[in-house]
1. Of the numbered conditions (1) touching a Gly at 6+ places or on another chain (Cβ under 9 Å); (2) within 16 Å of the ligand (Cβ to nearest atom), V121 satisfies every one except a single condition; which is it?
2. Within the stretch 165-177, restricting attention to residues that are assigned to a loop (DSSP other than H, G, I, E, B) and of a type outside the set (D, E, K, R), which residue is nearest to E107 (Cα to Cα)?
3. What are the residues in the stretch 58-103 that are within 19 Å of K315 (Cα to Cα), among the aliphatic types (A, V, I, L, M) and surrounded by fewer than 20 Cβ atoms within 10 Å (Cβ to Cβ), if any?
4. Regarding I279, is this residue closer than 29 Å to H349 by Cβ and in contact (Cβ under 8 Å) with a residue 40 or more places away in the chain?
5. Please specify each residue of the stretch 321-350 satisfying the condition of being over 18 Å from A280 (Cα atoms) and either modelled with pLDDT of 95 or more or of a type outside the set (D, E, K, R) (or both).
6. Please go through the stretch 142-166 and give me each residue that is touching a Leu at 6+ places or on another chain (Cβ under 8 Å) and either free of Cβ contacts under 8 Å to residues at least 12 places away in the same chain or within 16 Å of the ligand (Cβ to nearest atom) (or both), ordered by number.
7. Got a sec? Which of R59, R78 is within 16 Å of the ligand (Cβ to nearest atom) and touching a residue at least 24 places away in the same chain (Cβ under 8 Å)?
8. For L217, are the conditions met, namely being buried (at least 20 other Cβ atoms within 10 Å of the Cβ) and over 15 Å from T176 (Cα atoms)?
Amino acid sequence: MVNIMNYEIKYDTRDNIASLLSENNPKQVELIRKMAHDVLLENCGSGVYYRGLIEFSNRCVSDCYYCGIRRSNADVNRFDLTMDEIVDSALWCAKNGYGSIVLQSGENSSRDFIDFVCRAVETIKKRSISEELPNGLGVTLCIGEQSEADYARLFAAGAHRYLLRIETSNRELFKTIHPEAQSFDNRVECLRRLKRTGFQVGTGVMYGLPGQTYQMLADDILFFKDMDIDMLGMGPYIRHSSTPLKKNENQFIIEGDDLLRVSLLMIAACRLVLKDINIAATTALQTIDPTGREKGLSFGANVVMPQLTPVDYRKSYLLYDNKPCQEDTKEECKNCLSARVGSVGREVHYNEWGDSPHFKRKGESKN
Ligand code: 5AD
């Protein structure tokens, strides 16, 4: 029997985190869940915050071996939402009390692309101002690796949070899932650039990658801590049938039922170690379990991303197989998610940005 007190005292050591992640006694898992829940309440409160997710372009210059919209996947119909489509989706969010949006796309560093995103952010910020949202919508960007000058332009346009997943903090594993041209060091450097620019910075990893071990996942959490990140979006790796990674079938170490358990324990461990950051219960969780997102919330997550991408384009933004919520309208997503949040005794906080308490506290400590 694992002594739960150990986790409380020493959960920032690699071995202790790894042993927490490999826990499979249901009673112990439930104790860990409860501890993570308590730490969440103490540091962030019980509120759940929405970020309306607008996947506005699937064109991508990167060729990640796991991703369905990788550059080399010729089966994908490439699309770009128009400015009006993006702004309309964002304003729908503002009207429905979402408070924040995420603008996500494939990676593209062209001047035209950055200009377009800056214009979209400026327009959204200006047009979403209301009595409920005196500073307009909170805008998170998730558009990949960019130069420091471009990050600064995007920040000046009004975006204030940025998500860039490291995917794995293990250099060797990173190399096995990305082509040579995509470097681990550059990804880390981009996270540093984002911090210097002033963004609230989010990162994250996938779990269940070929060859990935509990020790590596424990190192991921220590990496988040070292990088002093503000937000996390993580999820299970799910095969996409037309990507090269699916061929390494026999190298998966964490899979099947273990994948859900590890997904939830990763959220709990991150909550226990990092305490006051925002953690998303991501859509990928719902792919491996019909109530995966709710379970994510009860293991310590506090952010959910309702789908806003127009239905016709969603089938062209399949990062992995069996991505859920393909047909639901935005109204259906809203109702379905608020019921899901309510089912675990939590409440959506409408008309709030829901910034990372960790980031806010850093700001306070500077004064
Ligand atoms: N399974 C799970 N997550 C994936 N992503 C990309 N492909 C997959 C997959 N096959 C995630 C990556 C990326 C984010 C936008 O989507 O972590 O950073």
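The values are calculated or read from the model by the stated rules, or taken from the named source; none is laboratory data. Since we're looking at a predicted model, the values are computed, not measured. With ideal geometry, Cβ positions are generated from the backbone for all residues, glycine too; neighbour counts draw on all protein chains shown.
1. Condition (2) is where V121 drops out.
2. I166
3. A74
4. The answer is yes for I279.
5. Answer for the stretch 321-350, where residues must be over 18 Å from A280 (Cα atoms) and either modelled with pLDDT of 95 or more or of a type outside the set (D, E, K, R) (or both): N322, Q326, T329, N335.
6. C142, I143, G144, E145, Q146, R161, Y162, L163, L164, I166
7. R59
8. Here the answer is yes, as L217 does meet what is asked.
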